[in-house]
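Here's the structure we're looking at; comments come further down.
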Ligand SMILES: [Zn+2]
C-alpha cells in the first residue's frame, strides 16, 4: 500500500475564527455594492480557458452566476465587473486586508511561507531570482528572501508601497512593464483565480521566465470535497473576487502550450472550512466530530487529490 502523505495541521483558533464565513460574505457584498455604484457588470459568454460556448449552470452566489465549461471543465464567473480593479482599490478591501491578513502575518510566515519555500527547494536549490506575482502584503517574500533573490508584483499600489518600504525589495505595480526572460522562479499564491484574462497571463508568465524556469501556483480546487459538499457556502466561492474555479484538467489545458506539469498535489482546508460553518450555525455535535477527526479526514481527502487547494509546479517548455 502506498504510504500516505501526512498533513501538517494549522491552528483553527487563528485561521478559522468565529464568524469566519460571515465576515468574508459581508466584505464581498460590500465589494459588489461598490461595483454596482461604479462601472457595473459585463457578461462572459465563452470559456476563458478553451473558448467553448457549451456551458452548464453551476453555482449562483450574491446573484452572480458561475458556470462550468462542458469541454475543459473550467468553472468561471459569467457576471464580472467592467473594471476589475474597482474590486480591489477600495476602502473595504483595504480594511479587510489590514484586519484579516496583518494580524495573522507572523503565523502565516511560520506555518505557510516556510512550507512553500520547502516545496520550491525540491525543484530549485540555487540562489535564484524569484518573482512573487500578486504578492499581497508580502509575507511570503519576507521569508523567501532568506533563500532567493526576491522581487514582487502587486497591482494594488498601497500594498506595493508598504512592501518596498518594509522589506526593501524591488516592487512592480504595472504588469506591462515586467521584464522578459528574467526570472528563474515565479510564484502565484491565490492569484490566478482573480485574473480576468488567464490565457494572456499564461503567455506573459512564459515570456518573463528564463529558459528552464519554474512556476509554483496555488489556487482553489473546484473538484474538491469542500466544493462538492458546501457549494455556494464554501468560503472560496466568492464572486466577483474569485472569477475562476480551476481543476487539474482546466489548469493543464490553460498552460499546456507553454509549460510542462512537473508536480501536482492538493492540500486543503476542507474539514476546517466545514467545521467553521457548522460551528457558526450552532451544529455542536457535528462540529465537535469534525474538530476531533480533522486531521484524519483531511489526510484522506488530500491523498485522494480532493483537497480544496491545488499546488502545481510547471516548467517552461523549450
Ligand atoms: Zn473550457
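The values are calculated or read from the model by the stated rules, or taken from the named source; none is laboratory data. Remember, predicted model here, so these are calculated numbers, not experimental data. So basically every Cβ, Gly included, is an ideal-geometry build from the backbone, and we count neighbours across all protein chains shown.
May I ask you to verify whether residue 105 is within 20 Å of the chain's Cα centre (by Cα), away from the ligand (no atom under 16 Å from the Cβ) and surrounded by fewer than 18 Cβ atoms within 10 Å (Cβ to Cβ)?
Numbers: within 20 Å of the chain's Cα centre (by Cα): yes; away from the ligand (no atom under 16 Å from the Cβ): yes; surrounded by fewer than 18 Cβ atoms within 10 Å (Cβ to Cβ): yes.
So residue 105 passes the test.
I'd like to verify a number: residues in region 209-242 that are closer than 25 Å to residue 113 by Cβ and part of a loop (DSSP other than H, G, I, E, B), how many? Break it down into steps so the answer makes sense when it comes.
Filtering region 209-242 for residues closer than 25 Å to residue 113 by Cβ gives 209-210, 212-221, 224, 226, 234-236, 238, 241-242.
Adding the requirement that they be part of a loop (DSSP other than H, G, I, E, B) leaves 224, 234-236, 238, 241-242.
Summing the residues that are closer than 25 Å to residue 113 by Cβ and part of a loop (DSSP other than H, G, I, E, B) in region 209-242 gives 7.
Of the residues 222, 292, 315, which single one is within 16 Å of the ligand (Cβ to nearest atom) and either within 30 Å of residue 23 (Cα to Cα) or surrounded by 15 or more Cβ atoms within 10 Å (Cβ to Cβ) (or both)? Lay out the reasoning, then the answer.
Numbers: 292 fails: within 16 Å of the ligand (Cβ to nearest atom); 315 fails: within 16 Å of the ligand (Cβ to nearest atom).
222 is the lone residue from the list that is within 16 Å of the ligand (Cβ to nearest atom) and either within 30 Å of residue 23 (Cα to Cα) or surrounded by 15 or more Cβ atoms within 10 Å (Cβ to Cβ) (or both).
Counting only residues that are at negative phi and more than 16 Å from the ligand (Cβ to nearest atom), how many does region 15-61 have?
Our first condition is that a residue be at negative phi; within region 15-61, this holds for 15-18, 20-39, 41-50, 52-61.
Retained after the next criterion (residues that are more than 16 Å from the ligand (Cβ to nearest atom)): 15-18, 20-39, 41-43, 59-61.
Looking only at that region, the number is 30.
Matching residues to (1) in contact with a helix residue (DSSP H, G or I) (Cβ under 8 Å, 6 or more places away or on another chain); (2) part of a helix (DSSP H, G or I); (3) surrounded by fewer than 16 Cβ atoms within 10 Å (Cβ to Cβ):
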position	(1), (2), (3)
254	yes, yes, no
257	yes, no, yes
262	no, no, yes
271	yes, yes, no
275	yes, yes, no
279	yes, yes, no
287	yes, yes, no
296	no, yes, yes
302	no, yes, no
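Here is a list of conditions, (1) closer than 27 Å to residue 32 by Cα; (2) surrounded by 17 or more Cβ atoms within 10 Å (Cβ to Cβ); (3) more than 17 Å from the chain's Cα centre (by Cα), and residue 184 meets all of them except one; can you say which number that is?
(1)
Which residue out of 245, 206 is in a helix (DSSP H, G or I) and modelled with pLDDT of 95 or more? Steps first, please.
Numbers: 245 fails: in a helix (DSSP H, G or I).
The match here is 206.
Take the residues in region 1-24 that are in contact with a helix residue (DSSP H, G or I) (Cβ under 8 Å, 6 or more places away or on another chain) and outside any loop (DSSP other than H, G, I, E, B); name whichever of them is surrounded by the most Cβ atoms within 10 Å (Cβ to Cβ).
20
Quick check on my filter: what residues within region 25-59 are part of a helix (DSSP H, G or I) and within 15 Å of residue 88 (Cβ to Cβ)? Write out each step before concluding.
Step one: filter region 25-59 for residues part of a helix (DSSP H, G or I), giving 25-37.
Once the filter is applied, which keeps residues that are part of a helix (DSSP H, G or I) and within 15 Å of residue 88 (Cβ to Cβ), region 25-59 yields 27, 28, 30, 31, 32, 33, 34, 35.
Farther than 21 Å from residue 239 by Cα and surrounded by 18 or more Cβ atoms within 10 Å (Cβ to Cβ): is that true of residue 27 in this structure?
Working: farther than 21 Å from residue 239 by Cα: no; surrounded by 18 or more Cβ atoms within 10 Å (Cβ to Cβ): yes.
The answer is no for residue 27.
Restricting the first residue to region 51-77 and requiring it to be over 21 Å from residue 252 (Cα atoms) and without any contact (Cβ under 8 Å) to a residue 24 or more places away in the chain, which pairs with a second residue that is part of a loop (DSSP other than H, G, I, E, B) and near the ligand (Cβ under 9 Å from one of its atoms) meet a Cβ separation below 7 Å and a spacing of at least six or different chains?
Cβ pairs passing all conditions: none.
Considering each residue of region 30-50, count those that are surrounded by 13 or more Cβ atoms within 10 Å (Cβ to Cβ) and without any contact (Cβ under 8 Å) to a residue 40 or more places away in the chain, and give that number.
Counting residues in region 30-50 that are surrounded by 13 or more Cβ atoms within 10 Å (Cβ to Cβ) and without any contact (Cβ under 8 Å) to a residue 40 or more places away in the chain gives 3.
Can you tell me how many residues in region 228-237 are crowded, with 22+ Cβ neighbours inside 10 Å and within 18 Å of residue 78 (Cα to Cα)?
Within region 228-237, residues that are crowded, with 22+ Cβ neighbours inside 10 Å and within 18 Å of residue 78 (Cα to Cα) number 2.
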